[in-house]
Amino acid sequence: MSSSRVSNVAVHVRVRGFDEPDAQRNLVNYKVDPTMKNITWTTPRTSESRDETERLFNFDHVFDMGADQKELAQALVNPMVENAWEGFNSCCFAYGQTGSGKTYSIFGEAKGPRKGIAPRVMEEMFNVIKTRRGSEEVGLLVSFLEIYLGQVRDLGVYYLLEKQGAHTPSNAADYPKQNLQIRQDENGTVFVKDLKKIRITSVGEGLDVIKAGLRMRQTYETEHNNVSSRSHTVLTLTLVRTDNRTEDVLSGAINLVDLAGSERLTRVRDQQRMQETKSINSSLSSLGKVVMSLNAGDIRHIPYRDSKLTRILQNSLGGNSFCSLLATINPRVQSYEESLNTLQFANRCKNVLNKIHINVVGEDPVVLQKKLRRLQEEMNKLQEELALYKAAGGGDVASMMDL
């Protein structure tokens with residue numbers, strides 16, 4: 001595999017399905033063609049206008065209402081895990097209005113057919129480690145954060161507290177204040193300072209990290225969703241491979257981003273929810289500006305610093321990462337406008353280019369010291385062999401090399 005690549009953002013659209021029969025009524029007139037790549041979205045008729053306008057969108061894949069979690073995983077999970085094993089970064093972020101199925105798609109349930117992308121990624125990563133590791137040393141690290149009201153909070157820390165038997169808050173209302181800082185290293189990579197990276201050795205441990213974090217995530221009941229996410233979350237799985245012979249280290253990260261859903265301010269009554277909605281909409285607006293700048297090829301100034309969200313996503317959008325957008329839409333007529341906005345955002349993302357390279361952790365001081373010691377040992381051994389060769393009456397080095 002090449003050590004560097006250029007890749008467009010891959011765009012996948014998922015039309016939310018409904019379990020309740022009544023929810024199947026009053027839907028937008030839309031069509032997904034047999035190739036599962038095109039979706040036609042039709043303007044619903046109203047009392048003011050009887051005309052219908054069809055809008056055709058083309059994407060990498062369109063999952064219709066009948067698509068299950070397994071179908072979604074088959075398109076997204078294996079490529080990300082394969083990239084991580086080869087030392088490349090990947091990102092999948094879910095975008096759409098509240099109640100359109102983002103959190104269900106990313107996390108779903110921990111087990112069974114409703115498992116989301118995150119549990120399936122963990123399962124596949126451990127399968128790959130088991131079958132391919134050979135003599136290599138392979139480790140898997142997990143971090144979990146949320147961005148709430150412009151503050152970055154570590155959700156993974158609650159798993160560590162539970163593991164230590166310490167008292168943990170029962171819900172997000174008792175959440176201790178956190179505001180982790182975002183930094184950038186000398187190579188231009190953006191990271192969150194002091195964010196815990198948890199080493200896991202089984203799928204169960206990884207699921208426990210997710211469970212503890214989601215319990216502390218900020219949620220609230222809205223008009224469209226009984227458990228609406230009021231924060232953006234980023235779950236990062238980092239696979240680290242060490243060659244015991246050469247001491248070379250490859251690192252590949254998978255970032256799974258569940259964005260809070262946009263919502264109209266006119267539908268919000270509570271003051272706290274109003275503040276949350278403004279913060280969510282503002283950060284999503286900043287994300288839209290970043291995508292528009294990247295889409296236009298204006299690399300002189302990409303407004304990553306306009307929000308914590310876009311700053312954290314800087315590595316994934318236009319940076320060193322394969323990137324997939326999962327755009328979720330609600331087919332109900334009352335959500336027509338928000339779903340159309342999501343489709344238009346997804347359409348703009350198609351043209352964003354990322355430049356990806358393999359992450360070789362060769363500059364780590366500890367690794368360099370090990371390599372230096374190994375090279376010194378090899379040089380000493382060669383000098384000893386040369387001395388023995390001369391003592392045995394061998395010729396000079398030049399004549400020896402001519403043989």
So for Glu205, Glu385, fewest C-beta neighbours within 10 Å to most, what's the order?
Glu385, Glu205
Pairing the Cα long axis of helix 69-86 with the longest principal axis of the chain, what angle in degrees results, from 0 to 90 and rounded to the nearest 10?
30
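Among Thr98, Thr43, rank each residue by its count of other Cβ atoms within 10 Å, from fewest to most, as a rough exposure measure.
Working: Thr98 25, Thr43 16.
Placing the least packed residue first, the sequence is Thr43, Thr98.
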Which whole-Hz ³J(HN,Hα) couplings does the range 319-336 yield from phi under the Karplus relation 6.51 cos²θ - 1.76 cosθ + 1.60, θ = phi - 60°, glycine and proline marked x?
x, 8, 6, 5, 9, 10, 9, 10, 8, 9, 10, 9, x, 5, 4, 5, 9, 4
Take every Cα-Cα distance within the chain, group them into 20 Å bins from 0 onward, and report for each bin the whole-number percent of pairs it holds.
25, 52, 16, 6, 1, 0
Flagged links, alpha-carbon separation over 28 Å, of Lys211/Lys350; Lys111/Lys196; Lys37/Lys196:
Lys211/Lys350; Lys37/Lys196
Which residues qualify? For Arg14, with a placed amide H closer than 5 Å and at least 5 residues away or on another chain, they are Phe63, Ala327, Thr328, Ile329
Can you tell me the relative contact order of the chain? Whole percent, Cα pairs under 8 Å, sequence separation 6 or more.
26
Which of Asp243, Asp154, Asp185 ends up with the largest GNM mean-square fluctuation for the chain, with Cα atoms connected below 10 Å?
Asp185
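Just so you know, all these numbers are worked out from the coordinates, no wet-lab data involved. No experiment lies behind these values; they were computed from the predicted model shown. Using ideal geometry, Cβ is built from the backbone for each residue, glycine included, and neighbour counts are taken over all protein chains shown.
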